[in-house]
Amino acid sequence: MTILYLMIPISLLLAGFFVFGFIWSIGDGQMDDLETPRHRIFAVDDFDQTNHELNEKKGNS
Amino acid sequence: MAFSDFSFLDSDSVGPSYTTKGRLRGLRFFVEGMRCGQCVRKLENLPATTPGVLSSRANLTQKTVEIEFDSKVIQPSKVAESIETLGFVPIPVTTDIELSTLSQKTQRQTWIRLGVAGACAANIMTFSFSTYFGASGDWATAFGWLSFALYLPVVTYVAWPFYQGAYRSLKQRSLSIDLPMAVASLAGFVFSTIQLIRGQSDYYFDSLSGFLFLILVSRAIQQRLQTQFLSKNEFAQGLELKRLRKLVSSGWHWVKAEEIKAGQGFVVLQGDTLAAEGLLESDSALFSLAWLTGESNSRRFLKGATVPAGSVLLSPKAIFLLNKPIQDTQFGKILETVHDIELNKSSLSNMSDRWSQVLLGVVFAAALIFLGIYWSVSPQEAIRRSLALIILACPCAMAFGTPLALASALKRARRHGLVIKDLSVLDRLLSIETVAFDKTGTLTDSNLTLVAVPSIAPVYLKIILALENESHHPIAFAFRKAFSHLESHPPVTGLRESPGVGVSGYIYGRFYELKHLNTRTKEIACGLFEEGILLAKFEFSAQLREDALASIDKIRSYGLKTHLLSGDTEGSVFPVAEQLGFHPTEVHASLSPCDKASWVNKRQNTMMIGDGINDGLALASASVGVAASGSIEAALKSSKVYLAKPSLNGLVELFELAKHTKRHVRHNLLLSLGYNLSGGVLALMGHIHPFTAALLMPASSGLIIFLSWLRDEK
C-alpha cells in the first residue's frame, strides 16, 4: 500500500486547493447576494443583437 | 418631468457623506419600487444609457443599487435623477449605514466556517471509514492521526462561535444551544485524543466534525432566512432630517442640520419636512401637520409664527430663522422614542428558546448524573455514552424546526398579502388581549363619496368636473363618480392644483375655485367659489371597508376586546362606531397621535391597527403594530406588520397564521422531544455509538424538514 504515501498528500493538497478557492470566492463577494443573479440571465445584451444582425444579413434564413 | 431635489448630493458639506471614494466615486440608493427581475435589469442597464455611469449593481433582496460613476462626466445628483427617470424612487444612503440586517462580515464568516467544516469532516470520514470496516495496524493509526490533524481547524476555528456563545450564556446564567455544541466539540476532542495516544481505536473526530458541519448548515440557512425576510428600512425616512438649506446672500446651499445655529436663516422648499423648529420669515405659508396631529387638513402660518419641526411645506417656498434644533423638539422626541421602543422590543425571548433551555438543562443533568454513576463501572464507557447522548440530544428541532415553521409562516403570510417585519410578531400575537383600530384609512376606505348634491344649476357641476379633470385627489374621484352622467364640460384656462388647498381656473372668463373647507362635523368638505364668492358646499364621507364588520366580529369571537381610536371629532366617529358594533365605552375620539400612543401604552398586550405614517407612535408603542395604509417603507418603520391588500380580513388571517405556526412549532418540538427521549435512553444504555448518533441527528432533522414541507403543501 505504498501508493498511499503518494495519494494521501495529493488528496489533501487537492482538498486544500478547493477550500482555498471557496474562501477566495466568498472574499470576492460571490456568495453575498444569491437572489439577484438569477434575474440577470434574462438581460438583453450585445450578444443577442449581434445574433440578430447576423440573421438579417443572411436574409432571414 | 420634474425631478426630486437631489442637489444635496453635489454639495460640499452634505454630499461627501453619501459618496464613497476609491478609484471611482460610488453612490448607494435604497430603491423604492424595485420588485422584480425587470427592475434589476433596468437598473443594471444604466451604464449603457447614462454617460458617466460606469457600473451599476442591484440587489433585489435589500432593494438597493450601488453605482460607480466618473465625477468628471456626471454629477451625483444626475445619477439619482437617472434612476428616477426609470420610474423608481431613489433614496440616497449615507456610507456609514449597513444595508442588510446581518452584517456582511458575519455572513461571510459563517460561509467560510461552513466550507472548512465540510472539507475537514468529509476528509476525516474518508479516513475513518477504513477503520469501521476492520482496518488495523499501522495504517489505522496513521489514519487516526490524520483525522486528529484535520480536526484541529474544526475544534479551533470552526467551533469558535459556539465557544463564544456558550461563554456568554454561562455569564448570563442561561442555557443556550451553543453549550452542548461547545461541550461536545471540546470534550469529544480531548477524549478522542487521549484514546488515540493510548493506541485505542475509540476516537470520534468524524462524528464530531460531521455534527458541527450540520449545525453550521442550519445556522447558515437561518441567516439566509433572516436577510431574505427581514427588512431594514429605518434609514429611509430619517436621512432627510439631517440636512438643511442654509440661507446665504446668493441664495442657499446645503449644510448638515447641526451646523445651523439658532437665529440663522434656512430655506424650505415644497414637499420638504421641516428638520428643525423655525420662526417663519416669509409673509405666509401653508403646511401639513399630519405627522404631529394626524390631521390631513393644511394649516396656514403667518410671518413671525413658530412652525413645529415635522411639518411638511405645501407652499412653493418659505424662509425661516432657526428656533430649536430637531432633537429639542416634540417631533424629534417622538422619533427618538420610536427608535428606543424598537430596540427594547427586540430583546423579548420567544417560545422555542424557553423550550430549548429546558431540554438542554435536562440533557446536561442526565449526562452528568450518568457520568458520575457509570464512572465506577468503566470511565471510558461512561464518557462514550455521555458523548453519544450529548451529540444525539443536540436540539436540532430548535435549530431546524422553529426557523422552518417561521419561514413557512412568512411564506404563507406573503401569499395573503401580509408583510411581516419581525418574526417575534407571531409569538406575541398569541398573547394579545385588546385590539385598537384607527378610523380614517383603516376602517374606512381611502375613497370618498359625495354625501349630497346641493341644489345648484347643473352647469356648475360641469364646471366642477372641468376643474377636477386632471386631479388625482380622492375628492376629484368622488366628484367624477357622482357626476359621471354628465357628458361634456367646458374648457378651462389657467388650471392650477395646489396640494392641500384645491383647484382653480378660468372658465368663460370667470375665476372659479374648489377649495377645502374646515368643518366641525363631517370629515371633508369643499366649496365652489366664483370670483371669491361661495356658491355651494359639498360634503364627503369615507366609506367603510366592505369586510370591516365581518373581520371585527371574527376578532371579537376570539375573545379579544376591540376599541376605536380616532383623531376625528365625536360627531364623525360615533356613527361609524355604531355601524361596526362598538360599545360607546370602546370609542375614543379627538385623540392626537400622542394621546393614542399613551392609550396604547397603558394597556398590556395591545394590537394597534392604523395608518403607518400618522399613527406611527401608537403603532410602535403597541405590542403588535399593524399598518393598514400609508407607504410600505414608512409603515414598516413604525409597525411590525403591513397589510398590503386593502382588506381587514388580513388581520383575521394574521391571527390564524399565529395559531397555526404555534401548533407547527409545538409539533416539531414534541417530535424532537420524543426522538431525544428514546434516543437518549438508548444512548445511555450503550446501544448507540457516537458515530451512529452523529448520523441520527441529521436524519431526525431531515424528518422534521420533510414533515414541514408536507404541511406547507396542504
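The values are calculated or read from the model by the stated rules, or taken from the named source; none is laboratory data. It should be emphasised that the depicted structure is a prediction, and the values quoted were computed from it without experimental measurement. Positions of Cβ are backbone-derived with ideal geometry, glycine not excepted, and every protein chain shown enters the neighbour counts. Only protein heavy atoms, including side chains, enter the accessible area calculation; ligands, DNA and RNA are left aside. Shrake-Rupley method; radii C 1.70, N 1.55, O 1.52, S 1.80 Å.
Some observations on this one:
- Checking B:Ile83, B:Ile91 one by one, the residue that is away from every other protein chain (no Cβ under 13 Å), surrounded by 16 or more Cβ atoms within 10 Å (Cβ to Cβ) and modelled with pLDDT of 90 or more is B:Ile83 and no other.
- Selection of the stretch B:537-581 for residues being among the β-branched types (Val, Ile, Thr) and within 20 Å of B:Leu654 (Cα to Cα) yields B:Ile552, B:Ile555, B:Thr562.
- Flag for B:Gly559 being at positive phi, among the small types (Gly, Ala, Ser) and either at pLDDT 85 or above or part of a helix (DSSP H, G or I) (or both): yes
- Some residue of the stretch B:149-159 being surrounded by 14 or more Cβ atoms within 10 Å (Cβ to Cβ), of a type in the set (Ser, Thr, Tyr) and within 32 Å of the chain's Cα centre (by Cα): no
- Index of the failed condition, B:Tyr151 passing every other in (1) within 14 Å of another protein chain (Cβ to nearest Cβ); (2) farther than 16 Å from B:Ile215 by Cβ; (3) not polar (S, T, N, Q): (2)
- Only one of the listed residues (B:Asp202, B:Asp206) is away from chain A (no Cβ under 14 Å), outside any helix (DSSP H, G or I) and open to solvent by less than 30 Å² (accessible area, probe 1.4 Å). That residue is B:Asp202.
- Contacts under 7 angstrom Cβ, first residue in the stretch B:12-24 being modelled with pLDDT under 85, partner in a loop (DSSP other than H, G, I, E, B) and among the charged types (D, E, K, R), 6 or more apart: B:Leu24/B:Asp70
- Residues that are assigned to a loop (DSSP other than H, G, I, E, B) and either touching a Cys at 6+ places or on another chain (Cβ under 8 Å) or surrounded by 13 or more Cβ atoms within 10 Å (Cβ to Cβ) (or both) within the stretch B:19-50 comprise B:Leu24, B:Gly33, B:Met34, B:Asn45, B:Thr50, listed in sequence order.
- Answer residue from the stretch B:105-129, given it is more than 10 Å from chain A (Cβ to nearest Cβ), modelled with pLDDT under 90 and under 19 Å from B:Thr193 (Cα atoms) and is least open to solvent (accessible area, probe 1.4 Å) among those: B:Ser128
- In summary, B:Ile67 fulfils each of the numbered conditions (1) open to solvent by less than 60 Å² (accessible area, probe 1.4 Å); (2) at pLDDT 85 or above; (3) under 24 Å from the mean Cα position of the chain (by Cα); (4) over 30 Å from B:Pro161 (Cα atoms) with the single exception of condition (3).
- Cross-chain or 6+ apart pairs with Cβ under 8 Å, the stretch A:20-40 first and facing another protein chain (nearest Cβ under 8 Å) and over 19 Å from B:Thr106 (Cα atoms), then acidic (Asp, Glu) and surrounded by 13 or more Cβ atoms within 10 Å (Cβ to Cβ): A:Arg40/B:Glu44
- Of B:Arg711, B:Arg666, all but one fail to be at pLDDT below 80, closer than 20 Å to B:Val358 by Cα and either among the β-branched types (Val, Ile, Thr) or surrounded by fewer than 17 Cβ atoms within 10 Å (Cβ to Cβ) (or both); the exception is B:Arg666.
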